[in-house]
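Asker: The structure's right below; bear with me while I get my questions together.
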Amino acid sequence: MQIPHLLVHEHKDNVGVVVVEGLTAGTRMLCVVTADNSSFELVAKADVPIGHKVALTDLKAGDTAIKYGEDIGRFVADVEKGGHVHVHNLKTKRW
């Protein structure tokens, strides 16, 4: 059994969370959707620390980030599929 690199909670999510230490650019990640235990693969475009997010599709500035099936913020910069998602390209809508 392989250990997943990325967890996605719902099929409608557009970001997933890295769950391994030392994820490096070029890694072919095993991604698991926890809603139904399905899986898919995605290539990491950057080094991403554990607990940080990765884009599941190409996303544009102004798009809404969906995690846990919920709106968690707005992209303030474009992010390519497999790219690192964090405070440099995602902001909360709360303030």
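Each value in this text was obtained by applying a stated rule to the coordinates, not by laboratory testing. All figures in this text were calculated on a predicted structure; none of them were measured in a lab. No Cβ is skipped: glycine too gets one built from the backbone with ideal geometry, and neighbour counts run over all protein chains shown.
Asker: Along the Cα-to-C-beta direction of Asn37, a point sits 7 Å from the Cα; which residues of region 1-23 have their amide N less than 17 Å from that point?
Answerer: Residues 1-5, 7-11 qualify, since their backbone N sits under 17 Å from the label point.
Asker: To continue, here is another question. Grab the Cα-Cα distance for His52 and Arg94, subtract it from 0.36 nm times how many residues apart they are, and report the gain in nm with one decimal. Please list the in-between numbers first.
Answerer: On the way: separation 42, 0.36 × 42 = 15.12 nm, distance 1.96 nm.
Result for the pair: 13.2 nm of gain on full extension.
Asker: Send over the per residue convex hull volume for the chain, Cα only, as a whole number of Å³.
Answerer: Measuring per residue, one finds 83 Å³ for the Cα hull of the chain.
Asker: Just for the chain, what percent of DSSP beta bridges are antiparallel, to the closest 5? Spell out each step's value before the answer.
Answerer: Numbers: 21 of 24 bridges.
Bridges in the chain are about 90 percent antiparallel.
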